[in-house]
1. Taking the chain as a Gaussian network, where each spring joins two C-alpha atoms under 10 Å apart, which residue of ILE34, ILE251, ILE241 fluctuates the most?
2. Okay, helix-only estimate at 222 nm for the chain: each DSSP H run of n ≥ 4 adds -39500 (n - 2.57), divide by all residues, round to 500 deg cm²/dmol; what do you get?
3. With only Lys, Arg, Asp and Glu charged, each at its Cβ (+1 for the first two, -1 for the last two), find how big the charge dipole of the range 135-290 is about the Cα centre; round to the nearest 20 debye.
4. Once phi is turned into θ = phi - 60°, what whole-Hz ³J(HN,Hα) does the Karplus curve with 6.51, -1.76 and 1.60 give for every residue of the range 148-153, x standing for Gly and Pro?
5. Classify the chain from the C-alpha gyration tensor, please: rounded if a/c falls under 1.5, else prolate or oblate depending on whether a/b exceeds b/c.
6. Of all accessible surface on the range 135-290 at a 1.4 Å probe, what whole percent is carbon and sulfur?
7. Using the Karplus equation 6.51 cos²θ - 1.76 cosθ + 1.60 (θ = phi - 60°), what ³J(HN,Hα) coupling, rounded to whole Hz, does each residue of the range 269-274 give in order, writing x for Gly and Pro?
8. VAL144: accessible area at probe 1.4 Å, nearest 10 Å²?
Amino acid sequence: MIIQRVVLNSRPGKNGVPVAENFRLEQSTIADTIQAGQVRVKTLYLSVDPYMRCRMNEDTGSDYLQPWQLSEVADGGGVGVVEESKHDNLAKGDFVTSFAWPWQTVAILDGSLLQKLVPQLVNGHLSYFLGAAGITGLTALLGVREKGHVAVAANQTMVVSGAAGACGSLAGQIGHLEGCSRVVGIAGTDEKCSILVQEMGFDAAINYKKGNVAEQLRELCPGGVDVYFDNVGGDISDTVISQMNQNSHIILCGQISQYNKDVPYPPPLPPDIEKIRKERNITRERFLVLNYMDKQEASILQLCQWIQEGKLKVRETIVEGLANIGAAFQSMMSGGNIGKQIVSVSE
């Protein structure tokens with residue numbers, strides 16, 4: 001069977017900025033028949049995420065992420081529909097997902113590695129299983145619950161950097177739902193800030209490209225910062241940490257400002273900021289959602305319930321066509337989109 005797939009065409013270099021040309025669309029083939037335990041799936045949606053930048057290097061710097069190989073098919077979160085099955089628990093027409101879905105139009109996969117989906121849980125929006133009701137939503141929810149130490153009626157203020165991104169836009173809303181009295185987002189355009197406040201319920205938002213971020217933070221968080229959901233690292237995080245309260249908490253979710261730099265993860269804080277962190281007993285522990293998979297099922301159901309009730313607003317940037325996945329990746333890494341970046345795959 002002839003298919004289309006996307007392979008890693010070149011590496012941007014440890015400190016390079018990824019571009020669409022780092023990926024290549026090519027024609028390939030898969031077997032016409034499947035073996036016992038396998039399913040043939042048609043790809044519907046693919047997820048494009050910041051963590052994938054690490055996979056473009058020869059060494060990801062992580063013990064749980066494998067690098068993509070040159071001229072080999074890339075992979076990540078995906079959703080598709082079963083076209084043929086020789087697996088006992090999956091049938092033709094079932095919708096399924098996997099964290100290791102190949103970037104190709106049709107694939108033959110091990111059925112035991114696929115999770116069956118219930119479209120009704122997300123009001124039919126299958127792509128949500130790659131975002132708000134998938135690993136992104138899990139990261140936001142479990143990050144807040146496991147590392148944020150949010151308590152109802154504790155009058156806590158949360159700040160979210162990268163707040164218009166896939167994870168940040170959910171984390172701020174979840175902060176409110178879990179009990180924070182005030183949530184302030186940091187984003188890179190006035191449009192993003194407006195969406196955060198008017199659509200997603202943030203109390204305020206700061207455009208870090210305008211004005212003095214430290215002054216705006218002091219004005220919007222007069223009682224200091226109790227919880228910081230950190231998606232970006234770098235100068236913005238240093239500014240937020242300097243205004244955090246005694247015994248406060250950093251949820252170390254991502255460091256997107258550092259992904260194109262050859263630095264350890266998590267990147268060390270500057271000496272003056274690390275001194276503040278220690279003096280104020282601010283927690284900053286590496287957070288990996290895969291360590292909490294025992295809580296996955298209940299957490300996904302909670303996210304789906306909030307979506308159905310309209311309490312969790314979802315934003316997606318959907319790019320049409322597998323051929324455009326490289327451009328979608330470049331756009332996402334440059335911060336050009338709002339919410340989750342999804343590629344809709346059609347032959």
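1. Among ILE34, ILE251, ILE241, the largest mean-square fluctuation in the Gaussian network model of the chain belongs to ILE34.
2. -7000 deg cm²/dmol
3. It comes to approximately 240 debye.
4. x, 6, 7, 10, 4, 6
5. The shape class here is prolate.
6. Carbon and sulfur together cover 48 percent of it.
7. These are the phi-based 3J(HN,Hα) values: 7, x, x, 5, 6, 5 Hz.
8. My reading of the accessible area for VAL144 is about 0 Å².
The values are calculated or read from the model by the stated rules, or taken from the named source; none is laboratory data. These numbers were taken from a predicted model, which means no experiment stands behind them. Note: ideal-geometry Cβ built from the backbone for every residue, glycine included; neighbour counts use all protein chains shown. The accessibility values were calculated without ligands, DNA or RNA, using every heavy atom of the protein model including side chains. Shrake-Rupley method; radii C 1.70, N 1.55, O 1.52, S 1.80 Å.
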